[in-house]
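The values are calculated or read from the model by the stated rules, or taken from the named source; none is laboratory data. Predicted model only: the values in this text are computed from it and were never measured. As a convention, Cβ positions derive from the backbone with ideal geometry for all residues, glycine included, and neighbour counts pool all protein chains shown. When the accessible area is computed, the model is the full protein with side chains, heavy atoms only, and any ligands, DNA or RNA have been set aside. Shrake-Rupley method; radii C 1.70, N 1.55, O 1.52, S 1.80 Å.
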Amino acid sequence: MNRLETVARVLLGAACAYLLVLLAYTTLSRIRFPYELEWLEGWTVESVRRVLAGKSLFVAPSVEWIPYPYTPLYTYSSAALASLIGVGFLAPRLVSLASAVGCLGLTFLLVRRETGSAFCGLAGAGFLAGTYPLSIGRVDNLFLFFLLAAFLLVRSGDSIRHSALAGVMMGLAYLTKQTALLPLASLTLYVMFEQSGWRRFALPAVSGTIIAGTTLFFSLLTGGWYFFYTVRVPNGHGLGQEAMLAGFWRDDIGWTLAPAVAMGLVHLSRALRDAWGGRASGFVFYSTLTVGMLGASWISRLHGPSTTPVRPAAAGSRLASPSMPWRPCNCASWPTIRPATSPPRRTSGTATPSWPLFARCPGRSTRPCTATSRSWPGRWASPTTATS
């Protein structure tokens, strides 16, 4: 190792350590802040309170309660902790913080396994820390934790046990956030290519059983409202043309992750060269991972403003590239949240409800966020179903 490389490694290690310390400081110093740090935190706390009161999350919308189109694992996890320490912002923030620590640890283990270098593992964890703009009290950290756990299991062994456990992790990722479907499809393609015999079907079979089984169970339990909110409402969202054509690729990826994307492309080209030499496993894993994680992030951005659209893409870039760009957290730039006052209303001429965006952020669109699904789930339940 020459002197220039030694200096580069020292500077890179110092930057990674700084980002990890900065992430720890910004989260721990704000974790007991008594008000919202993020615009969905209030909804999370109210969801936890509702769960602990024995009420269903997925019911007919009313002035009292309008469900959000997220699968419920994060809410239930926060409610379990809140039953011990009390209802408030602290419980969901602790769940997110623990998940974030788990994500950093899994990234370190996965990158170290792929490269054989603990230093590269530290670089991976540091890069992931640098892409967190303080998002505690959201589902994304727990969602990413399950994804990374599934990736590590698949790459650690090709036994049925590894594949089945990876399938469990992917099923839990879906129960946290529905965008897990694209990474699941990518991982399924990889195991179909890499494994042989019945082992290749373990991951999709286990994850598919969890996803289909829980969807059917909760839909029957809630009179169809679970399916309506977690499947039909997300599929009915309008698409943001600016985000689809330019915003995500130019702003979220181009300006934020350009160095990581460039290094990832270099790494993929090397993996492709190895594939021509008969070692295709790495290229198939990294290429399918890249497509799945970018797709999951892109879908999050297509449906409107999002504070964490690039996190799966950031994790994918870290796993596909040998180094990291330096982008510290900018926690001071979070917008001030102002509640909207207009009540829920029905659109004229249809039975479809539309709801205003209850929080508007400076610098973002202030147009109301309206539901675009075409009908109520009348085949399962009437709109007059009890709301608790």
Which peptide among 94-105, 195-206 comes first, and what is the full order, when sorted by highest mean count of other Cβ atoms within 10 Å?
94-105, 195-206
Quick shape check on segment 27-174: root eigenvalues a ≥ b ≥ c of the Cα gyration tensor, a/c under 1.5 is rounded, otherwise prolate if a/b tops b/c, else oblate, and it reads oblate
Exposure rank, largest accessible area first [274, 140, 158; 1.4 Å]:
158, 274, 140
Return the sequence-ordered ³J(HN,Hα) values of segment 100-107 in whole Hz as given by the Karplus equation 6.51 cos²θ - 1.76 cosθ + 1.60 applied to θ = phi - 60°, using x for Gly and Pro.
5, 4, x, 4, 5, x, 5, 4
Taking θ as phi - 60°, what are the ³J(HN,Hα) couplings along segment 108-115 by the Karplus curve (6.51, -1.76, 1.60), each to the nearest whole Hz, with x for Gly and Pro?
4, 5, 5, 5, 4, 5, 6, 9
